[in-house]
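Undergrad: Handing you a structure now.
The values are calculated or read from the model by the stated rules, or taken from the named source; none is laboratory data. The shown structure was predicted, so the numbers you read here are calculated from the model rather than taken from an experiment. Here the Cβ positions follow ideal geometry from the backbone for every residue, glycine too, while neighbour counts run over all protein chains shown. The area values use the complete protein model at the heavy-atom level, side chains included, leaving out ligands, DNA and RNA. Shrake-Rupley method; radii C 1.70, N 1.55, O 1.52, S 1.80 Å.
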Amino acid sequence: MRVSTNSIYRDYSRNLNDSQFKVNAENLRISSGKKNLSIADNTSDVIDADKFRNQISKNESYLEIIKSNTDRLQQTDTTLQSISDKLQEVRSFVVDVSKTSTGYNHFAIAQSIKGALEDIVSLANSDNNGDYLFSGTMTSPQNIQDANPGMNNMPFEIEQGPATPTNPSGLSVVFKGNNEKVNVNISKTASEEVNTTAEELFGPGGVEVLQKIIDVYNVVAYDSSGNQRPARTLLNAQELGELNTLQKDVADRYDEMNIMASVNGAKINRLDSTLDFLEYENLRLDEYRSAKEDTDIAEAAMNLKREENVLQFALQVGSRINQLNLFQFLS
Amino acid sequence: MGFSTLEIGKTSLLAQRYGLEVTSNNISNANTEGYSRKRADLSTAQSRYSAGNFVGTGVIADQLKSFREEFFDKEIRNSITRNAGYESDQTILKKVEGIMGEPSENGLNNLISDFFISWDQLANNPDNTGYRQKVISDATQMTDKFHQLAEGFDEARLDVLEQAKDGVDDVNSIAKKLANINSRIVDSHSSASEGDLNMADERELAIEDLAEYGKVNVHHNDDGTVNVHLNGINLVTGKSLNQIKLVETTNSTTNERTISLYTTDNQGNLLNRVNPGAGKLENQMKHYNETLDKDDTSGNFSVAKSVHELAKEIAANVNMAAVSGFGLNDTGAVPPGRSFFVPYPTDADASTIRLNTLITSDSDNIPLSSVAGESGNNQIALQISALADDINFINNRTPGEFYSDIIAKAGNMLNDSQIGLKNSTMVLDQMKNQRDTVIGVNLDEEAVNLIKFQRSFEAASRVVNLADEVLGTIVNLGR
């Protein structure tokens, strides 16, 4: 078969070009660290890598959300514990009042009860990173202020009103937030309620147990005619009965609060386990992503060497093609 | 011996010189594209009867033989058409890949994902200015990318249009050249296959150039001319030709601009619609009318349309949630109806999608609460972040899956064109090599021929010298 000079050079040129293209591709794979230099190289791998990368980003975002909410729930837990302690303190005061035979220190106990109430209200006004913990979705001072002009900008406030026969101290607690739940996404498929509402905390209206404490205060600090209880005056049977009922209500709320603290603790555990899962999943996804898009350096280096050899031989063949012709022999 | 020897020497000198000329011409055209080697066919001159014997009268160089074969030419034309089509595909799709910036860690998919993630983060910190700004920043990056893609696709489309126009000019110029060659062949009253063989080479080269633009059929006429058809439509008939024209039309209902090809008469009136069938023009028209056409109605894959649809759906879905939400400082029971993206309620697309200036000027205006005055209310933000995983977001896919589909389709198209080009280049090279085994010049072979004719020429010169000496001897007899 005849071989034309043109076809020799055409084949040589094509082989040289192919070889240089392959060397360049391997070079790029090593220098960029990416296996696929084009979406056409391995389309499904390119798409998978993209998908894994996005999922990793999402998980990282969820991890951030989980960490910040774990902090919030932990603060809620601490606050619940403190409120719970205060309720227990109120119960102790009631027991003290019931047991005393002289009534000598009723006034002091009444002041302690009022102090405990103020402490509880103060604890209920706690915030996490500027957001109130127990005011539903009205988390900012501005929300509270806008909805309740003329009052302070906290969700719970002790208000001093006029004395009435049923409330001789005239005290009341106002709740200015709402009882909406705050949900956040903690993974692609799960969300978590991360707040405790005022109603969950203090009963209906968000203030029931606080009102009970005021009632306790009224019974201890005031006599049945609504006057301040004179020193060394014992509580009568009816008052003791009322006090007992109130103490029971406070105790019920105390129990509720302990249950709530357990629920809160369970949420923290859930967030912790989700965090562990997401961190593990990210490691796994990163491995998959890497397998899909990162260069296997050892393989690429071997390929590069192989292609360089091919190119070198191609160049040598080219130089021989140039030497071998009859004109050279004749000249 | 005497004058007849001189005559024989002369014919030999002429024949060997002719052989040398043909060989030299072959050598000089060894690298000329489309050239087919020629061979001087020498034959014995008619014998003369003399003194009871037939005596030879020398040599005649009466025929120049070309080795061109229609079978190879036809196959090569088909390969060229396929090859040029794939090459054109690859060029355009490589541009698309470049515009999309994929594969990358900062492609549109990642930006869309980041945008929805930022809503999730904002839902966790609804009144945090930093996270509000992040939503704005991520949304801006996403819309910027949409603009970049839309602009890139528009520019690529215009580029394709220019290439198609240049291609049409080339086709017309080649058709003119072919008609001109036909005309020269007819006017010189010789057939290209028997007369000026170089004209046949030139014509075949032109036809191969034409084959890059579409399917070419060639019919050889008895007078040596050829008729050339572009996928069945007459382009060149003997000396006459039809020009083709690229016509751009706008659909009055859909506003879709498409291009098509027509043959025209001498006055420029449109005659027949031309479908090139394959090759550069076919693929350029396909990419202009479909792949890069944002208003495409063909039902085939259009990367531009898909990206515009994605932008439109993102704007529409985010806005649908946003208009029912309240910003940080909004009051009252009725939402302010503030969209996140504009234009609204008009549909946005990849080139028009922008953030509402009410939001960019004050991040407090991002409507993410379902009730006014509740800064911890993240209902709208959660609705928007949930869009990222909504499997019915667009075409029964999430936004990320839909964009992955676009990448997959564009990637597979590019891959097809690359594999197609590789294969067709191999086939074309093989066909050319096979054709070259017949028509190609081999320099070694020509060197041998050169020596052969040179030596023969020298020998013929000696014959003439000898005849001269013999004649001299005769003329000087008796002096």
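Undergrad: How many residues does the stretch B:414-452 contain that are of a type in the set (A, V, I, L, M, F, W, C), open to solvent by 40 Å² or more (accessible area, probe 1.4 Å) and within 8 Å of chain A (Cβ to nearest Cβ)?
TA: Going through the stretch B:414-452 one residue at a time, the tally reaches 3.
Rundown of residues vs (1) within 30 Å of B:Ala123 (Cα to Cα); (2) aromatic (Phe, Trp, Tyr); (3) modelled with pLDDT under 90; (4) surrounded by fewer than 20 Cβ atoms within 10 Å (Cβ to Cβ), yes/no style:
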{"site": "A:Glu157", "(1), (2), (3), (4)": "yes, no, no, yes"}
{"site": "A:Val194", "(1), (2), (3), (4)": "yes, no, no, no"}
{"site": "A:Ala198", "(1), (2), (3), (4)": "yes, no, no, no"}
{"site": "A:Val216", "(1), (2), (3), (4)": "no, no, no, no"}
{"site": "A:Leu235", "(1), (2), (3), (4)": "no, no, yes, no"}
{"site": "A:Glu242", "(1), (2), (3), (4)": "no, no, no, yes"}
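Undergrad: Here's another thing I want to ask about it. Take the stretch A:170-188 and flag every residue that is in contact with a helix residue (DSSP H, G or I) (Cβ under 9 Å, 6 or more places away or on another chain), more than 7 Å from chain B (Cβ to nearest Cβ) and assigned to a strand (DSSP E or B).
TA: A:Leu171, A:Ser172, A:Val173, A:Phe175
Undergrad: Kindly provide the set of residues from the stretch B:327-347 that are at pLDDT 95 or above and either open to solvent by less than 10 Å² (accessible area, probe 1.4 Å) or not in a loop (DSSP other than H, G, I, E, B) (or both), ordered by number.
TA: B:Ser339, B:Phe340, B:Phe341, B:Val342
Undergrad: Within the stretch B:364-386, work out how many residues are touching a residue at least 60 places away in the same chain (Cβ under 8 Å) and surrounded by fewer than 20 Cβ atoms within 10 Å (Cβ to Cβ).
TA: 1
Undergrad: Output the number of the condition that B:Asp405 fails; it satisfies all remaining conditions of (1) within 8 Å of another protein chain (Cβ to nearest Cβ); (2) surrounded by fewer than 22 Cβ atoms within 10 Å (Cβ to Cβ).
TA: Here B:Asp405 clears every test but (1).
Undergrad: Going by the structure shown, is A:Gln88 surrounded by fewer than 18 Cβ atoms within 10 Å (Cβ to Cβ) and touching a strand residue (DSSP E or B) at 6+ places or on another chain (Cβ under 9 Å)?
TA: no
Undergrad: I need the full set of residues from the stretch B:260-293 which are in a loop (DSSP other than H, G, I, E, B) and open to solvent by less than 70 Å² (accessible area, probe 1.4 Å), in order please.
TA: B:Asp265, B:Gly268, B:Pro276, B:Gly277, B:Ala278, B:Leu292, B:Asp293 - these are the residues of the stretch B:260-293 that are in a loop (DSSP other than H, G, I, E, B) and open to solvent by less than 70 Å² (accessible area, probe 1.4 Å).
Undergrad: In the stretch B:387-400, which residues are facing another protein chain (nearest Cβ under 9 Å) and either hydroxyl-bearing (Ser, Thr, Tyr) or surrounded by 17 or more Cβ atoms within 10 Å (Cβ to Cβ) (or both)?
TA: If the condition is that a residue be facing another protein chain (nearest Cβ under 9 Å) and either hydroxyl-bearing (Ser, Thr, Tyr) or surrounded by 17 or more Cβ atoms within 10 Å (Cβ to Cβ) (or both), then B:Ala388, B:Gly400 are the ones that fit.
Undergrad: Among what's in the stretch A:38-53 and is in a loop (DSSP other than H, G, I, E, B) and among the small types (Gly, Ala, Ser), pick the residue that is farthest from B:Gly411 (Cα to Cα).
TA: A:Ser38
Undergrad: Which pairs turn up if I take residues in the stretch B:15-39 that are among the aromatic types (Phe, Trp, Tyr) and look for partners that are in a loop (DSSP other than H, G, I, E, B) with beta carbon separation below 8 Å, at least 6 apart in sequence or on another chain?
TA: Every condition considered, the pairs that remain are B:Tyr35/B:Asn29; B:Tyr35/B:Val441.
Undergrad: Being over 24 Å from A:Ala261 (Cβ atoms) and touching a residue at least 40 places away in the same chain (Cβ under 8 Å) narrows it down to one of A:Leu210, A:Leu201, A:Leu240, so name that one.
TA: A:Leu240
Undergrad: May I pose another question? Looking only at residues that are surrounded by fewer than 24 Cβ atoms within 10 Å (Cβ to Cβ) and within 14 Å of B:Ser351 (Cβ to Cβ) in the stretch B:294-304, which one is nearest to the chain's Cα centre (by Cα)?
TA: It comes out as B:Lys294.
Undergrad: To continue, here is another question. Looking at the stretch A:51-65, I want the residues that are farther than 13 Å from A:Lys188 by Cβ and more than 7 Å from chain B (Cβ to nearest Cβ) and have a partner that is among the small types (Gly, Ala, Ser) and open to solvent by 20 Å² or more (accessible area, probe 1.4 Å) with Cβ atoms under 6 Å, at least 6 apart or on another chain. Which pairs are those?
TA: As it stands, the answer is none, since no pair meets every condition given.
Undergrad: Here is a list: B:Asp114, B:Asp73. Which entry is out of contact with any Phe, Trp or Tyr (no Cβ under 6 Å at 6 or more places or on another chain) and either facing chain A (nearest Cβ under 9 Å) or closer than 30 Å to B:Arg455 by Cβ (or both)?
TA: Only one candidate passes the filter, namely B:Asp114.
Undergrad: Would you point out the residue of the stretch A:132-142, among those that are touching a residue at least 12 places away in the same chain (Cβ under 8 Å) and not in a loop (DSSP other than H, G, I, E, B), that is surrounded by the fewest Cβ atoms within 10 Å (Cβ to Cβ)?
TA: Out of the qualifying residues, it is A:Pro141.
Undergrad: Could you count how many residues in the stretch A:244-282 are open to solvent by 80 Å² or more (accessible area, probe 1.4 Å) and closer than 22 Å to A:Asn69 by Cβ?
TA: 6
Undergrad: A:Thr78 versus (1) open to solvent by 60 Å² or more (accessible area, probe 1.4 Å); (2) hydroxyl-bearing (Ser, Thr, Tyr); (3) touching a residue at least 12 places away in the same chain (Cβ under 8 Å): which is the lone unmet condition?
TA: (3)
Undergrad: Among the residues of the stretch B:249-258, count how many are without any contact (Cβ under 8 Å) to a residue 40 or more places away in the chain and open to solvent by 60 Å² or more (accessible area, probe 1.4 Å).
TA: Summing the residues that are without any contact (Cβ under 8 Å) to a residue 40 or more places away in the chain and open to solvent by 60 Å² or more (accessible area, probe 1.4 Å) in the stretch B:249-258 gives 5.
Undergrad: A further question follows. Restricting to the stretch B:348-363, and then to whatever is charged (D, E, K, R) and closer than 30 Å to B:Leu292 by Cα, can you tell me which residue is surrounded by the fewest Cβ atoms within 10 Å (Cβ to Cβ)?
TA: B:Arg354
Undergrad: Which ranges mark the strands (runs of 3 or more DSSP E) fully within the stretch B:41-141 that have 2 or more residues being touching a helix residue (DSSP H, G or I) at 6+ places or on another chain (Cβ under 6 Å) and in contact (Cβ under 8 Å) with a residue 40 or more places away in the chain?
TA: Those strands (runs of 3 or more DSSP E) span B:59-66.
Undergrad: Then there is this: Scanning for something more than 30 Å from B:Phe393 (Cα to Cα) and of a type in the set (A, V, I, L, M), does the stretch B:101-109 turn up at least one residue?
TA: Scanning the stretch B:101-109 turns up no residue that is more than 30 Å from B:Phe393 (Cα to Cα) and of a type in the set (A, V, I, L, M).
Undergrad: Now a separate question. Among the residues of the stretch A:191-244, write down those that are among the small types (Gly, Ala, Ser) and in a helix (DSSP H, G or I).
TA: Residues satisfying the conditions are A:Ala198, A:Gly205, A:Gly206, A:Ala221, A:Ala237, A:Gly241.
Undergrad: If you go through the stretch B:63-98 one residue at a time, how many are closer than 21 Å to B:Gly34 by Cα and among the aliphatic types (A, V, I, L, M)?
TA: The total comes to 4.
Undergrad: B:Ser252 passes all but one of (1) in a strand (DSSP E or B); (2) farther than 20 Å from B:Ser88 by Cβ; which number fails?
TA: Only one criterion is unmet by B:Ser252, namely (1).
Undergrad: Just checking, which of A:Pro162, A:Pro149, A:Pro204 is more than 30 Å from A:Ser68 (Cβ to Cβ), within 14 Å of chain B (Cβ to nearest Cβ) and surrounded by fewer than 17 Cβ atoms within 10 Å (Cβ to Cβ)?
TA: Answer to the check: A:Pro149.
Undergrad: Restricting the stretch B:1-53 to residues that are under 23 Å from B:Leu466 (Cα atoms) and β-branched (Val, Ile, Thr), which is surrounded by the fewest Cβ atoms within 10 Å (Cβ to Cβ)?
TA: For the stretch B:1-53, the residue satisfying everything is B:Thr44.
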